[in-house]
Structure formats: C-alpha cells, structure tokens
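What follows is one structure encoded as structure tokens, with my remarks underneath.
The values are calculated or read from the model by the stated rules, or taken from the named source; none is laboratory data. Predicted model, so just to flag it, every value in this text is computed and none were measured. Because the Cβ atoms are built from the backbone with ideal geometry, glycine has one as well, and the counts that use them run over all protein chains shown. The area values use the complete protein model at the heavy-atom level, side chains included, leaving out ligands, DNA and RNA. Shrake-Rupley method; radii C 1.70, N 1.55, O 1.52, S 1.80 Å.
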Amino acid sequence: MTADGRTGGLAVGVGRASLALAVAAALLTTGPPDRLSAQVDRTKPPALPPPPALKLPAVQTTTLPNGLTLAVVEMHKVPVVDVQLLVDAGAARDPSAAPGLATFTATMLQQGAGARSALDVADEAAFLGAQLNTAASFDAASASIHVPKRRLDGALDLLADVVLRPSFADSEVARQRQLRAAQLVQQRDEPVAVANVVFPAIVYGPEHPYGHPLNGTDSATARLARERVVEFYRSYYRPNGGRILIVGDVTLAEARRLVTARFGGWERGDVPAFPSAPAPASAARTVYLIDKPGAAQSVIRIGHVGPVRTTPDWFALEVLNTIVGGAFTSRLNQNLRETHGYTYGAFSQFAPRRLTGAFVALASVVTAKTDSSLIEFLKELRRVRDEAVGLPELSKAKAYLTLGLPGDFETTGGAAARFRELLTFGLPLDYYDRYVDRINAVTATDVQRVARQYIDPDHFDIVVVGDKSQIEAGIRALNEGPIAYRDLWGQEIR
C-alpha cells in the first residue's frame, strides 16, 4: 500500500476494467442490445422445458416378530432423523360416551413416562435438541420426534418411554383435564373453532365415528379419569396395530437394530377392527345457522360427505380441488377475495379419511357480505360442474401439483409427512413415484366427471357461524334452502 493510499483505487479501477472486458465479450457473442431484443418475443412468456423426473428414495420395510412394521427412507445429505410411530388409536375409536378420549390419551403420553416426570420428558427433549410430539387424528394416533443424528439413540430411548411406559399419573390427568376444559371454554369465543366442530357434527351425524368433537365436550371432559385412559391405551396401543417410519440419515439395518432394541419387547395383542359405518344419507340443501352475537365476521363451511382417501378418483379430485379452491389463484379465492374483497381467503378441500371423507369449501367473510359471499360460493361450485374446464386452467392446476411436489421432500420432516400419509391410509409405498404421471393424465373430462359425482349443491350442508341478528334476513332472502338453528356443538336447538 502506498503512502497516499491509492492501492484501493487501483483495485477498483482493475475491477471496472474487468467488467468492461466482460461486457465487450458478451456483445461479441450475443450482439448489441437492440439485436438481442429483436430475437425475443416479449408478447409471450418464455416456454419452460419439461421438469426433470422426480427421483425419490425408496421406502424400505420390514416387520418385527411382534408385528410392528418398520419403514425406512434413507436421506443422508443432512445428519438429522425424523421418527414417526403410528398406532391404530385414533378418535374414530372414541366410545360414544367419551368423545375426546383418544386425543386426551395421546396428550397424556408426554406427561410422565418411565422414570421421567412430565418436566423430565420436556427437559430431555430439549437436551437432545429434539422436537417431540404426540397427537391423535380421527384415523390414527402418533408419537414423533425430530432429532440430530448424533442424538438418535437418546431420542429413541425417550420415544420408547413415552409410547411404552406412560405413567398416567392421577395428578397429571387432573391437570390436563383442567387445561382441556379451559380450551373448550375458549373455543366458544372462536367462531372458526366452532365451525370446525359443528360442520362434521352436521355432515356425519352423532352416530358416525367422525361425527363427534375431536377434543370432546364439557361433560365428557369432566368425566375423564385415569382408569378410562389406561383402558383405552391397553386396548389400542399394540405393536401389531402400529407402524414406525424413520426418515433421514440412517440405513434399514441400523434402524432395525435400534428399533428392535427398544420396541422389540412391546407385547402384541388383539386390536379391535377399525370402526365401520355407512356413509350418512344425503339430505336436501339446508343452511345451519349458529348464532355468535357481535361477531365481526361470519365463518362459512359448505359441503357434504366425500370419498375415502383410497378412491382411484383421488388424482382427478386433487386437480379439481386445485381449480376450485386448493390454491391462492383458485376460483373461490380469486372471486371472493380478489374480485369482491369479502374475505382474506376462500378455499376448499377433500378431507382424506379412512372411512367416508368430506368435501368442504370455507371462508371467514365480512358480516355485512355474508349473503353475497354465499351467492359467490354457490355460483363457483355449480359452475365447475356445469362448464368444462379450459386447457390453460387445467394445465396450470396440474403444474401447481406436480412442480410443487419436489419441495415436499426437501426435508426429512416434509418427506416424513408425505410418506406417513401412505402408511395411515394403506396406500402403495411407490405412490409418489407414479404421482406426476397420474396427475398429468387427468383430462378436462375427468375433472367434470368427478365434479358432478363428488360436489352436489342440491345436498350441501351450509354452516354459518355469525351474528344472527345481522345475517339471518339476508340468508333467508337467498332462498337456498330452509334455515335450521344449531348450538356451538352442532346440536339442534329446541
């Protein structure tokens, strides 16, 4: 460096010279800017090449002598592992007098296990740098852990305690019972939570395995006791009704050794058959109004029973739903949000279930526009049945599904969620290897066929949670069916 500090200036000068040389070289190879512009048609978007084939790791399986199925997906780029243990102990198995028992039992798994108290379980997970979770849906219960590979042994020790040796201490049962009771009280002030309870109660009815609240009722929660939890656990938490999925930096041989050491002694037993129930009978379109005085918005759910997850029509249904309400640019959201400004978001879904599923279209809308929102909902849901889908919209929906799929497998957690779906619903383990081809094979005729088969406006259950005094007259004027009144649990008000 010189005394006047001009070395820095020299470096900048050299950098600028290099840049000038680079620009000159680019002009020699591509021509001046005006010639380059003449070669590009700016009136059309650039044509995209075909996406590369999706290469997914194989799902390797084996079965332990006690009947526990082990599935392993090797992903060695990052030293982390996701472990998900599924048992056939979902809320569809709740006794009619004890709704919420399955989810409560799953919650209790973490509240003390083996020699560990509830705080010890949480402290051990934190020490391992792990994320531990236990939960139950209608179709299965699960215990999962995400952990760095070097802590996998300790994480599996903790998971084995949680699943195989829960203590179900009376003090913890009482504490969790109080917490759940408080949550149910809070639920009454959340119209979205109310709608999520009321809609399945109306669609399925109280006798169906999916027709009760996932987290129970006030009276059922008050009756929860250790004996009931232990009885449910012993009936359904069995290895021959379980599957353990391990995704990450591990081999099948290593996983089998680790799992056998911890779960090989889990005693098998008879697991009652999964509940069966016929699909609820369709009823004429009805509006169900749940009064929430002072609500700033109306929460809307529109739908009816749907197909089982294993239907061969699922690929066409995914394309259909993407067009109707499965993406931000779908028809419902473009109409109700972008065009009319009635809502922050309007969407739809075919809910996947082992038994009869459900179709639902949903939004939270401005109270003053409740009737107008229903008009637009019903217009779009009728239109997709009555009018053939155009090629550009069909292609966009298929691209949305296929081009977005690789992102779901970028992490061990994302891959585990996708592969877990296969185990939960008994789908082929090579399902995603064929997914892109099956989606791309869907035609406009297929979309219209499944729309007419699985979306039936004449039999919609239309659930609206909102301020009755502000919205009832407008809804009645639509003349879209009789109005029935329900409480916060979906039960008829007499």
Sorting check: for 440-447, 240-247, which peptide has the highest mean count of neighbouring beta carbons within 10 Å, and how do the rest follow? 240-247, 440-447
Given an 8 Å cut-off on Cα distances and at least 6 residues of separation, report the relative contact order of segment 286-485 as a percent. 42
Under the definition of Cα pairs under 8 Å and six or more residues apart, what whole-number percent is the relative contact order of the chain? 20
What residues qualify as long-range amide H neighbours of Leu70, i.e. H under 5 Å apart, gap of 5 or more or another chain, H built at 1.01 Å from N? Thr62, Thr63, Leu64, Ile244
How many angstrom lie between the C-alpha centres of segment 39-115 and segment 438-465? 27
Which value, in Å², gives the accessible area per residue of the chain when a 1.4 Å probe is used on the protein heavy atoms? 48
Could you list, in their original order, any pairs among Lys44/Lys396; Lys77/Lys398; Lys44/Lys398; Lys55/Lys77; Lys55/Lys396 whose Cα atoms are separated by more than 24 Å? Lys77/Lys398
Residue list for segment 132-154, given a label point 7 angstrom along the Cα-to-Cβ vector of Gln183 and an amide N cut-off under 19 Å: 132-145
For segment 421-453, state which trypsin sites (Lys or Arg not before Pro) are in a DSSP loop and have at most 16 other beta carbons lying within 10 Å of their beta carbon. Arg434
Could you look at segment 59-263 and say what percent of its accessible area is carbon and sulfur, using a 1.4 Å probe and all protein chains? 51
Hey, with R₀ at 45 Å, roughly what FRET efficiency would Tyr485 and Ala115 work out to, going by the Cβ-Cβ distance, to 0.05? 0.25
Placing each pseudo-label 7 Å from Cα in the direction of the beta carbon, Ala135 and Thr260 end up separated by a distance in nanometres of 3.3
Per the helix-only model, the chain has a calculated mean residue ellipticity at 222 nm (DSSP H runs of ≥4, -39500 (n - 2.57) each, divided over all residues, rounded to the nearest 500) of -13000 deg cm²/dmol
Where in the chain are the DSSP H helices whose C-alpha atoms run 27 Å or more along the long axis and whose mean Kyte hydropathy is at least -0.5? 7-30
To the nearest 0.05, how large is the calculated FRET efficiency for Phe274 and Gln39 if R₀ is 60 Å and r is the Cβ-Cβ distance? 0.45
DSSP bridge orientation in segment 59-263 - percent antiparallel, rounded to nearest 5: 80
How big is the charge dipole of the chain about its Cα centre, in debye rounded to the nearest 20, if each Lys and Arg gets +1 on its Cβ and each Asp and Glu gets -1 on its Cβ? 480
In terms of the alpha carbon gyration tensor, root eigenvalues a ≥ b ≥ c, rounded if a/c is under 1.5 and otherwise prolate when a/b exceeds b/c or oblate, the chain is oblate
With a 1.4 Å probe and every protein chain kept in, tell me what percent of the accessible surface of segment 272-376 is carbon plus sulfur. 55
Cβ-Cβ FRET estimate between Val308 and Ala283, R0 fixed at 25 Å, reported to 0.05: 0.75
